[in-house]
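For reference, the structure discussed in these notes is given below.
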Amino acid sequence: MRKDVRILLVGEPKVGKTSLIMSLVSEEFPDEVPPRAEEITIPADVTPERVPTHIVDYSEAEQSDEQLYQEITKANVICIVYSVNNKKSIEKVTSHWIPLINERTDKDSRVPLILVGNKSDLVEHSSMETILPIMNQYSEIETCVECSAKNLKNISELFYYAQKAVLHPTGPLYSPEEKEMKPSCIKALTRIFKISDLDNDGILNDNELNFFQRTCFNIPLAPQALEDVKNVVRKNMTDGVKDNGLTLKGFLFLHTLFIQRGRHETTWTVLRRFGYDDDLELTQEYLFPLFKIPPDCTTELNHNAYLFLQSVFDKHDKDRDCALSPDELKDLFKVFPYMPWGPDVNNTVCTNEQGWITYQGYLSQWTLTTYLDVQRCLEYLGYLGYSIIQEQESQAAAITVTRNKRIDLQKKQTQRSVFRCNVLGARGCGKSGFLQAFLGRNLVRQKRIREDHKSYYAISTTYVYGQEKYLLLHEVLPDVEFLSEADLACDVVCLVYDISNPRSFEYCAKVYKKHFMDSKTPCVIIAAKSDLHEARQYYSLSPLDFCRKHKLHPPQLFTCNTTEAPSKDLYTKLTTMAMYPHMTQADLKNSTFWLRASVGATVFAVLGFAMYKALLKQR
Amino acid sequence: MPWCKQGTTDKLVREFLRTGAAARNKMMKNWGVIGGIAAAMAAGVYVLWGPISDRRKKRKGMVPGLLNLGNTCFMNSLLQGLAACPSFIRWLEDFTSQNSADRERTERETQLSRSLMQLLKALSSHDPGEDDVLDAGGLLEALRLYRWHISSFEEQDAHELFHVLTSSLEEEQERQPRVAHLFDMQTLEKSVESKEKNISCRSGGPLHPIPSLWRTRHPFHGRLTSYMACKRCEQQSPVHYDSFDSLSLSIPSIQWGRPVTLDQCLQHFISSETIKEVECENCTKQQAGELVNGEVLESQRTTFVKQLKLGKRLTWSKEGSPIKRQEHVQFTEYLSLDRYKHCSAAQSQQKTSRTNKAKASADPKDKAIANGVDSEHCNNNKPQSNGTFPSVFLHSPGLSSQLNLTYDYSTSEYLFRLTAVLVHHGDMHSGHFITYRRCPAAPRGTSPFSSQWLWVSDDSVRKASLQEVLSSSAYLLFYERMQRPGLRVEE
């Protein structure tokens, strides 16, 4: 939305440019006018559109061509003034002023023009017959007004339409030649219709219309008004009303009707409410609201956001099978400018036998996006119209920022719901299988996954002491010589080795000694492919001895070569370790405590014995 | 800047008044009871012995009084002042009739304007009504709906109530939506009927009637212009227009013994002042990147004032406690604002000549004052003299006001006539508001103004002379612009 409006008046000498400005601000005709009026700033509360307005006059006698060019560049709207009783000034509009303005303005930045016929009190007939062909010829002409500074006729209208031409332009919405809305406007209004169609039946029923009315215009809707609207639509088209509701065609027809009646500010109000700018693109302020994340904090969806996403799922799950088919998924993302989920999403979350994303998988993918890239999540929620449907200030209301992790460790409890587990291991040791098993896929199903649809993430839910928590597994590429900071930042680490490969454990041992031996992150050794024959590892210590030495849990046996879905017990344990990392260190604290207690007792005993000896000597 | 300063002072004074109100509350209650008893006794005496014929006789040329509902003299005096302004009543009539035509709006939303309309109509009616004393309780109730909490025994400020009324009326006006909603078929069909041939829009359809915010403001609305000019390079900023409902004028410190006039207050209000610490863009460019804080000059001038209301007597002493200025400010029945009209830089020479005129009128003023003092002893009918009168009249004692009116009437383009004066008796902590106002004019008269003045104090009404009005210590002054004869009526 534009913050202020700058109006420039140009035209031939003596046509009355200065008189128009002075008539506006003084509300009376000035008998004596200077060659040029000073630049005027009018505060917002005086103007009809509540926007500060600057009005600039032009005088050929006082100003040079260079100054005129500068003013043309700075203006938001230009009023070309002619005298209705002076044919030469009318001809100059097309022969001089419009070419000059077109030459001096950038073609991308559209400057609307207002044709102003002054001194209408001096003639009996209107000059509109001459002016209307000019307006039809030049698309940048927004309005033609005939006025009289002497009679104060149409002075307010003139400056109102100049404001309106800047704030509510017709160009992006409507094509007068074809008498139709432009494709970009139809596309935007179609998205608005789809968002407002809360039950996704292709019809805006009375409840949805009332919600739309309250959202966009904040005025209660009378039942009679609804009937009047439907009758008007029925009268003009056959398929605008269906089942006593408004169809998309009827919705678009209403907007076209308002635009044709000069009421395009109504359509602009709707578009701006749904986040569109003057180019009919969603604004950056709408898609990416200001959002700050302190260090060591994560981002999660809050309860209202999950409810909203659940309603979006229910809205598009037409066959009620708790899964989204490819067509249903495409329908859900119709309000997006692009398809946000690729085929890798089906290998990131839970799917059903047909490979369709389940309800749980759907929520898991949203949780993953929020955790890894909150800005993208805000963008997605913006496309879905979260702040509008939920009547919130912005999408930021859907996000919860968790507490700093150091505070969680100090207080030995966390409110987080999403935990990250990085999976490291040598190539071919079974990391991908470990991720896919978390999604309930055994080896037979995993073999059907295409290589280009592979995903390095897997996210699903586990239950820890009765609470549902999200565990996000991230497979770290082993080719990198040095692990990055992001690869090391996680809540729990899995070090995977292949029991049938004698060299596999060596990688895990090196990574642990180099990166995790001194850190507080809990570590788990995973003995993958446990269905195969175990081979003796080449590393100096056996995996069991290694774990015993470094006070780790014994290696956890894992295999995805099962007849049914692999067990989730191991993942529940991982989530528990992520939730309560201090418990693994409590063992260390316990041993240190007992050691110190023993030393203290010994010292006390020795001192006591020495005291006893001293007392005996005195006797 | 003076405007902002006055606003700040105003707020501080109001806060002080509110703080001290609680202590006065207990005292006021007792006085209220005693006053009520005394009023009842007086009413009883009047009913028993007042003849009916006398009542009708007294009613001629009078207006109804307003019942004091418990220290509501500030509201009563303001209402009497507003009732003396025909243009405001005319505007309010249009406003309320327009609202009644709109069915969608509930009656509750327009309660303030309707109750105000009823009161002012009764107070400005020429024919004697049924009641001698009216009740403003309905208006008080409507004001409470606007969250303006008025306790019955707390003293309030008439100037503050004026702003509450104007802002509430504007709020009622703005409740009409500026954008037609998507299901507003009535508005859409209404726009088809009005076919304006002189305006054409690109979308092709006939244009709808525009929102009337540019024009339909209440008559007290006026505009101030101000601009800044750099002393170094004389670069002038764009002229900035601001709105005001009333002008708060401070009383300038004049030499001892000299009377203060309204014109002096106005000139003090629009005088230039030097502002430092403001960077001039032009100087910045000329200095080739060097940032220099150039001194800029700010000038304010009132322009295009339809109606003017002046008054400010509270100021701060050196010790920081508020005191009331007791100086008498001379004001006249007619006020010419031609000097205060904004003119552009191209007319600076004319501005200089006007300044010379002002200087010329200042010199004979001393003689006029001396002359006035002499003539006060031998001729009481001489009008009060001040700077607005041309010098030719200052040397002619015995000139009648009729000739004076004729002269000003023909030459002045922005001539305002005094319609009401609010006077505050008392000090900072307590007091009483009364109103001097004009009688309602006869319906058949050519002029909407009557020459008869009234003194109104709550429910007491009596006639007053113009001399008495002009010699009062004004707290609020109401002026209304006069229309020139033969001039077409403003749309």
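Of note:
- Shape category assigned to the range A:5-168 from the gyration tensor of Cα positions, a/c cut at 1.5: rounded
- Between the helical axis of A:264-273 and the longest alpha-carbon principal axis of chain A there is an angle of about 10 degrees.
- Taking each of A:431/A:573; A:411/A:469; A:405/A:573; A:513/A:568; A:405/A:469 in turn, the alpha-carbon distance tops 22 angstrom for A:513/A:568.
- Accessible surface buried at the B:A interface totals approximately 5900 Å², computed with a 1.4 Å probe on protein heavy atoms.
- Calculated P(r) tail over 32 Å for chain A, as whole % of Cα pairs: 64 percent
- Note on the range A:118-170: semi-axes of the ellipsoid equivalent to its C-alpha gyration tensor, largest first and rounded to whole Å, are 21, 17, 5.
- Protein heavy-atom surface of the range A:324-385, 1.4 angstrom probe: 51% of the accessible area is carbon and sulfur, with nucleic acids and ligands not counted.
- Rounded to the nearest 500, the helix-only mean residue ellipticity at 222 nm of chain A stands at -12500 deg cm²/dmol, with each DSSP H run of n ≥ 4 adding -39,500 (n - 2.57).
- Helix axis angle, A:17-26 relative to chain A longest principal axis, alpha carbon, degrees: 70 degrees
- The mean of 1/r over all pairs of different alpha-carbon atoms in the range A:262-309, once inverted, gives a Kirkwood hydrodynamic radius of 13.6 Å.
- Taken about its Cα centre, the range A:418-583 carries a charge dipole of roughly 200 debye when the Cβ of each Lys and Arg holds +1 and the Cβ of each Asp and Glu holds -1.
- Debye intensity ratio in log₁₀ form over the Cα atoms of the range A:225-293, taken at each q of 0.11, 0.12 Å⁻¹: -0.38, -0.44
- If only the Cβ of Lys and Arg carry +1 and only the Cβ of Asp and Glu carry -1, the dipole of the range A:298-340 around its Cα centre is close to 140 debye.
- Centre-to-centre, using Cα atoms only, the range A:209-271 and the range A:13-78 are separated by 39 Å.
- Relative protection proxy for A:141-149, A:419-427, A:335-343, A:372-380, from highest mean packing down: A:141-149, A:419-427, A:372-380, A:335-343 (other beta-carbon atoms within 10 angstrom).
- The range A:418-583 shape via C-alpha gyration tensor axes, a/c threshold 1.5: rounded
- For q = 0.18 Å⁻¹, Debye-computed log10 I/I(0) when each Cα of the range A:286-402 counts as one equal scatterer: -0.93
- Pairs of Lys in the range A:286-402 closer than 19 Å at Cα, counting only those 8 or more apart or on different chains: 4
- The listed peptides A:393-405, A:532-544, ordered by packing as a protection proxy, come out as A:393-405, A:532-544 (highest mean of other Cβ atoms within 10 Å first).
- The value of relative contact order for chain A, using C-alpha pairs under 8 Å at least six residues apart, is 8 percent.
- Taking one quarter of the surface of the C-alpha convex hull of the range A:180-281 gives a mean projected area of 6.2 nm².
- Surface share of carbon and sulfur [accessible, 1.4 angstrom probe, percent] for the range A:5-168: 45 percent
- Surrounding net charge for residue A:116, when Lys and Arg each add one and Asp and Glu each subtract one, Cβ distance under 9 Å: 0
- Pairs of lysine residues in the range A:5-168 - Cα separation under 22 Å, sequence separation of 8 or more or cross-chain: 27
- Rg over Rh for the range A:324-455 works out to 1.01, both radii taken from alpha-carbon positions and Rh defined as the Kirkwood radius.
- In the range A:11-37, burial by the other protein chains removes 50 Å² or more of accessible area from A:25, A:27, A:28, compared with the chain on its own (1.4 Å probe, ligands and nucleic acids ignored).
- Residues of chain A: accessible area per residue with a 1.4 Å probe, Å²: 48 Å²
- Cα-based helix-to-principal-axis angle, A:248-260 vs chain A, degrees rounded to 10: 40 degrees
- Normalising the Debye intensity of the range A:184-223 to I(0), with uniform scatterers on Cα atoms only, and taking log10 at q = 0.14, 0.16, 0.18, 0.20 Å⁻¹ returns -0.32, -0.41, -0.51, -0.61.
- Each Lys or Arg adds one and each Asp or Glu subtracts one; over the other residues with Cβ under 9 Å from the Cβ of residue A:461, this totals 0.
- Taking a ≥ b ≥ c as the square roots of the Cα gyration tensor eigenvalues, the range A:507-574 comes out oblate, since a/c reaches at least 1.5 and a/b does not exceed b/c.
The values are calculated or read from the model by the stated rules, or taken from the named source; none is laboratory data. Note that the structure is a prediction, hence the values are computed from the model and not measured. Because the Cβ atoms are built from the backbone with ideal geometry, glycine has one as well, and the counts that use them run over all protein chains shown. When the accessible area is computed, the model is the full protein with side chains, heavy atoms only, and any ligands, DNA or RNA have been set aside. Shrake-Rupley method; radii C 1.70, N 1.55, O 1.52, S 1.80 Å.
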